[in-house]
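The values are calculated or read from the model by the stated rules, or taken from the named source; none is laboratory data. Small disclaimer: the values here were computed from a predicted structure and weren't measured. FYI the Cβ positions are ideal-geometry reconstructions off the backbone, even for glycines, and counts take in every protein chain you see. Keep in mind that these areas ignore ligands, DNA and RNA; they rest on the heavy atoms of the full protein, side chains included. Shrake-Rupley method; radii C 1.70, N 1.55, O 1.52, S 1.80 Å.
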Number of protein chains: 2
Amino acid sequence: MLTNFYEQAEEMIRHTGDRITRGRVLVLGILLAEKKAISHHEIEEKLGDDSAINRVTLYRILEWLNKKDLAHKVISGDRKWRFRTNIYTGLHQHAHFKCSICAAVTCLSDVKAKYSSPLPPGYQSHEVELTVKGLCAECA
Amino acid sequence: MLTNFYEQAEEMIRHTGDRITRGRVLVLGILLAEKKAISHHEIEEKLGDDSAINRVTLYRILEWLNKKDLAHKVISGDRKWRFRTNIYTGLHQHAHFKCSICAAVTCLSDVKAKYSSPLPPGYQSHEVELTVKGLCAECA
DNA sequence: TATTTTGCGCAACTTAGTTGCATTTAATAT
DNA sequence: ATATTAAATGCAACTAAGTTGCGCAAAATA
Ligand SMILES: [Mn+2]
Ligand SMILES: [Mn+2]
Ligand SMILES: [Zn+2]
Ligand SMILES: [Zn+2]
């Protein structure tokens with residue numbers, strides 16, 4: 001039942017102290033119902049014609065969700081941002097998987113990035129991003 | 001002396017069996033002289049007005065260098081491709097460093113990506129991409 | 001020097017995201 | 001319930017980075 005996701009979305013938005021708007025509820029509701037990270041375009045499609053939101057507004061909602069730590073943005077080489085709600089992954093850093101066939105991006109919630117040898121002298125690491133590319137379970 | 005890089009470039013291009021053109025020599029020469037991965041735009045700047053190459057041609061040259069394994073493409077979240085010659089890094093996979101201040105992208109030639117736990121069942125890994133973000137030695 | 005690819009230049013297009021500004025609306029105060 | 005106001009939205013126009021099609025130029029080879 002998608003309704004439950006919208007209710008949950010509304011509650012999460014209320015909790016931020018910022019305004020509860022139609023757009024925010026719809027978009028976060030969609031993200032909550034989704035198991036993978038999805039793009040601006042995919043969200044527009046899921047909104048459909050009747051619940052349509054202006055593209056600029058949608059960008060701004062996604063930016064806001066990210067800022068409020070209700071969702072995170074995944075960057076993946078095809079120049080498209082994808083978003084996933086944080087409630088399933090938490091705020092910690094995790095790796096991502098990108099399928100070479102269907103292009104689906106999955107959050108690997110409990111996979112953390114590591115590397116084999118230290119950075120060059122003087123370099124400071126703030127964040128480590130890891131993307132595994134290959135075939136997802138559906139496409140393999 | 002940049003001339004040496006152009007001679008080296010010419011030799012490398014000859015070795016592919018494909019045509020030795022002004023554009024290919026200039027671009028590969030620039031990449032050989034460079035210690036970090038650089039973007040289309042940065043290459044255009046280095047070419048300057050007199051050695052200018054049409055932007056489309058430049059894209060095609062970079063694509064060709066990548067295909068011929070003379071250079072590799074680095075993807076880094078700011079929607080810009082960057083390129084580095086392979087002669088200093090080899091063909092093996094390696095991690096990259098992106099400075100949050102100066103935006104420079106460095107190939108960490110001997111740093112390999114690892115991860116903490118296995119992929120979900122059914123997933124197949126073909127390639128692992130790792131980017132460390134933080135401050136480079138210059139900016140730290 | 002002529003022929004044959006292969007690569008180049010131009011113009012027009014696409015995709016994804018951004019900016020400025022006027023209008024609407026959620027929250028709140030009366 | 002209505003007015004007020006700050007925040008969010010919609011629209012139009014813009015930007016950055018890369019792509020496509022096609023006629024023309026120039027390397028390689030004969
Ligand atoms: Mn994620
Ligand atoms: Mn590299
Ligand atoms: Zn897949
Ligand atoms: Zn730096």
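Quick check on this structure: which one of A:47, A:62, A:28, A:58 is over 14 Å from the mean Cα position of the chain (by Cα), under 26 Å from residue A:79 (Cβ atoms) and open to solvent by less than 50 Å² (accessible area, probe 1.4 Å)? None of the others qualify; the one that does is A:47.
The number of residues in segment A:76-102 that are of a type outside the set (Phe, Trp, Tyr), closer than 26 Å to residue A:24 by Cα and either in contact with a strand residue (DSSP E or B) (Cβ under 7 Å, 6 or more places away or on another chain) or more than 10 Å from every other protein chain (Cβ to nearest Cβ) (or both) comes to 14.
The sole residue among B:52, B:103 that is away from DNA strand C (no atom under 14 Å from the Cβ) and not in a helix (DSSP H, G or I) is B:103. When the test is whether a residue is within 16 Å of ligand 1 (Cβ to nearest atom) and surrounded by fewer than 16 Cβ atoms within 10 Å (Cβ to Cβ), residue A:80 does not pass it.
Checked against (1) at pLDDT 95 or above; (2) surrounded by fewer than 17 Cβ atoms within 10 Å (Cβ to Cβ), residue B:72 meets all criteria but (2).
Scanning segment A:91-111 for residues that are open to solvent by 30 Å² or more (accessible area, probe 1.4 Å) and farther than 20 Å from residue B:132 by Cβ yields a total of 6.
Given the condition of a type outside the set (S, T, N, Q), surrounded by 12 or more Cβ atoms within 10 Å (Cβ to Cβ) and in contact with a helix residue (DSSP H, G or I) (Cβ under 8 Å, 6 or more places away or on another chain), answer yes or no: does some residue in segment B:117-138 qualify? No, there is no match, as no residue in segment B:117-138 is of a type outside the set (S, T, N, Q), surrounded by 12 or more Cβ atoms within 10 Å (Cβ to Cβ) and in contact with a helix residue (DSSP H, G or I) (Cβ under 8 Å, 6 or more places away or on another chain).
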